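Every number in this text was worked out from the coordinates using simple rules, so none of it is lab data. None of these values were measured; they are calculated from a predicted model. When we count neighbours, we look across all protein chains shown, and the Cβ atoms used for this are built from the backbone with ideal geometry, even at glycine.
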Amino acid sequence: MKKQLGLVAGVFLASTSCFAADSFQVETSVYKANELLASPVMLVEEKQPVTISIGEGFSYEVKVTPQQNNTAAVETSITLAGSYFTPSFVVEYGKQASFEIGENKVSILVTKSKS
């Protein structure tokens, strides 16, 4: 009986390591009135939000969720010089995506990290 439990536990541990979360490199450039304000590069685990703050005027949270066909859903929360916005979109790995809200522009490049 002990051998069977040990075998089951060993198989369970081996199978959970096969389903480890993916990680992604997220490169972001944030502009206000065409002036580069921040360009953080972060390593993000699948479905885990990561936050960065630079000074008092900029904070940024990003969460990446893998999708099908070499794409990922990206959810962000950005505070920039008193403005707050929360864009969400789908990006293709390795291709830059950008959006503008008023005089604010954000570009994001998501690549899947090597395991």
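Numbers for the structure displayed
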read-out	value
Within segment 52-68, backbone nitrogen closer than 15 Å to the virtual label 7 Å beyond the Cα of Ser88 toward Cβ	61-67
Charged-residue dipole, Cβ positions (Lys, Arg, Asp, Glu), segment 21-112 about Cα centre, Debye nearest 20	100 debye
Reachable aspartates and glutamates, given that their alpha-carbon falls under 14 Å from the alpha-carbon of Lys32 and they are not under 8 places away in the same chain	Glu100, Glu103
Segment Ala21-Ile52, length gained on full extension (0.36 nm per residue, minus Cα span)	9.1 nm
